[in-house]
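Below is one structure, written out as structure tokens; comments come after it.
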Amino acid sequence: MLDYIRDPNEITRRSFEIIEAEADLASLPKDIQPVAARIVHACGMPDVTADLAYSEGAGVAGLKALQSGAPILCDVRMVASGLMTRRLAAKNPVSVTIDEPGSEDFARRTGQTRSAAGIELAATRLKDSIVVIGNAPTALFRLLELLAGGAERPALVLGFPVGFVGAAESKAALAANDLGLAYIALHGRRGGSAMAAAALNALILGRAP
């Protein structure tokens, strides 16, 4: 038999003990610390906390939105699949914007990605929602364009698109927004669905383990 920890609770406890020791959580606001811990847990990179960007009170805004039953709009199914939906006390509805009816045809007609088209088609549900983007930079860019054009404002935007084309730029645009948006994002090329889901899961749980 190989020597490894088999108890899932002990694995979780040890994991967050190591995160506490290796990640610079103390320098972050209290409402962002559990979010940062979950993101580190999802990616295994303690240094990722240095790239976190957030508006003042963003964690608190997210908690309040969840408690009020705010809809959760995810850009892709991978994000939605990673959410701890059973822990949503207010039974918040979760939808995947890339799967909006007609998104593929709309993307083709308007000359944009399906991810961006999905966000546009879901624009009527943005008000007081939580938008979680873990894949496509174009979805985040389009969201910002829609909001600048007068679309109703979400309660919180979690910006974690990943990749080499537009990922860093879209998150920089989110962090520089002058729309009064509450947001949590990860600067640079790193990101992805696992980290995006982890960020919201921290708010769903209300704490790190």
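Laboratory data are not the source of any read-out in this text; all were calculated from the coordinates shown. Every value quoted in this text rests on a predicted model; they were computed, and no experiment measured them. Glycine gets a Cβ as well: all are built from the backbone with ideal geometry, and neighbour counts include every protein chain shown.
Estimate the FRET efficiency between THR12 and PHE164 by the formula 1/(1 + (r/R0)^6), using the beta-carbon distance for r and 30 Å for R0, to the nearest 0.05.
Between THR12 and PHE164 the formula returns 0.35.
Mind checking which aspartates and glutamates have their C-alpha under 14 Å from LYS30, skipping anything on the same chain fewer than 8 residues away?
Those aspartates and glutamates meeting the cut-off are GLU20, GLU56.
7 Å from Cα along Cα→Cβ at both MET78 and ASN177: what's the point-to-point distance in nm?
Between MET78 and ASN177, the label points sit 2.2 nm apart.
Under a crude label model (7 Å from the Cα following the beta-carbon direction), how far is ILE5 from SER95 in nanometres?
4.1
Express as a percent, rounded to the nearest 5, the fraction of DSSP beta bridges in the chain (both residues included) that run antiparallel.
20
Can you show me the helix-derived [θ] at 222 nm for the chain, built from DSSP H runs with n ≥ 4 at -39,500 (n - 2.57) apiece and divided by the number of residues, rounded to the nearest 500.
-13000 deg cm²/dmol
At what distance in nm do the modelled label points of THR85 and LYS127 sit from each other, each positioned 7 Å from its Cα along Cα→Cβ?
Those two pseudo-labels are separated by 2.5 nm.
Pop out the ³J(HN,Hα) list for segment 109-118 in order, Karplus 6.51 cos²θ - 1.76 cosθ + 1.60 with θ = phi - 60°, rounded to Hz; leave Gly and Pro as x.
Here the 3J(HN,Hα) series is 5, 9, x, 9, 5, 5, 5, 5, 4, x Hz.
Report the rotationally averaged projected area of segment 137-209 based on its alpha-carbon convex hull, in square nanometres.
Result: 5.0 nm².
Taking the C-alpha atoms of the chain, how large are the radius of gyration and the largest Cα-Cα span, Dmax, in Å?
16.9, 61
How much net charge surrounds PHE106 when only the other residues with a Cβ under 10 Å from the Cβ of PHE106 are counted, with Lys and Arg +1 and Asp and Glu -1?
-1
For LYS127, which lysines qualify as cross-link partners when the Cα separation must be under 25 Å and same-chain residues fewer than eight apart are set aside?
Cross-link targets: LYS64, LYS91, LYS171.
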